[in-house]
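Undergrad: Take a look at this one; I'll ask things after.
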Amino acid sequence: MKRFFSLLLVLLGLCLFGCGCLVRSLYPWLSEETRVADPSLAGAWQDVEKECIVFFNSTTSTNYDVLMVQEGEDVSRFSASLHRLDDALLLQVAPENRTDLGAFATLPGHLLYKAVLEGDALLLYAVDLDSFAERAGKSKVAVLPDSAKDKGFILLPTTGDLEAFVRAQLHEPGFFGAEPFFTFRHLPAKAE
């Protein structure tokens, strides 16, 4: 019964995650031990090209609630955490923490971005889809069988295995895309 329930959740996850071409993980990519704080991340950020504004609200020194508004209409809520591995700053994004009954009908989909935070600019680089299948295969990273570049990849390993994979790939050329997935500019705080 437990195996059936796990398979059902994975299939549900495939349906829910099939709408985007990103690399997602069922478990967080990085552990609590790698979290760092950066107060400059809090506030409003705008990506004009994608018609998107995100609001990072610091809930603790290293956790953020994120509200995303796209094209002035769509609203999405996430949680995010900033991590440091070696000299790289990484942003891990996950579904918001929910306590309602809907939390039992959805699966997590953790995303990982390389973050470059300089002054009023926040550049987020997604894991590169073109090279990911080969990297995962060489490293024996388990992916959902129907995962592919055109559908996105869904990773099955636990956090410890994913963090080891990220550490091994982090400084390899092309692990993250060459161009930013998001190019945000910090919006000035409204004067009161």
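Undergrad: Based on the mean of other beta carbon atoms within 10 Å per residue, what is the order of 145-152, 157-164, most packed first?
TA: 157-164, 145-152
Undergrad: So, with a 1.4 angstrom probe, what is the percent of accessible area on the stretch 119-189 that is carbon and sulfur?
TA: Values: 2090 of 3740 Å².
Roughly 56 percent of what the probe reaches on the stretch 119-189 is carbon or sulfur.
Undergrad: Arrange the peptides 72-80, 131-139, 23-31 so that the one whose residues have, on average, the most other Cβ atoms within 10 Å appears first.
TA: So the order, starting with the most tightly packed, is 23-31, 131-139, 72-80.
Undergrad: Which aspartates and glutamates, if any, have their Cα less than 15 Å from the Cα of Lys140, not counting same-chain residues under 8 positions apart?
TA: By straight Cα distance, Lys140 reaches Asp161, Glu163.
Undergrad: So, in nm, how far is label Arg167 from label Tyr27 when the simple model puts each one 7 Å beyond its Cα toward the Cβ?
TA: It works out to 1.4 nm between the two label points.
Undergrad: Using C-alpha positions alone, give me the convex hull volume of the stretch 142-192 per residue in cubic angstrom.
TA: 181 Å³
Undergrad: Can you compute the label reach from Asp87? Point 7 Å from Cα along the Cβ direction, backbone N cut-off under 17 Å, restricted to the stretch 155-192.
TA: 167-176
The values are calculated or read from the model by the stated rules, or taken from the named source; none is laboratory data. In this text the structure is predicted, and so the values were computed from the model without any measurement. Note: ideal-geometry Cβ built from the backbone for every residue, glycine included; neighbour counts use all protein chains shown. With ligands, DNA and RNA removed, areas are computed over all heavy atoms of the protein, side chains included. Shrake-Rupley method; radii C 1.70, N 1.55, O 1.52, S 1.80 Å.
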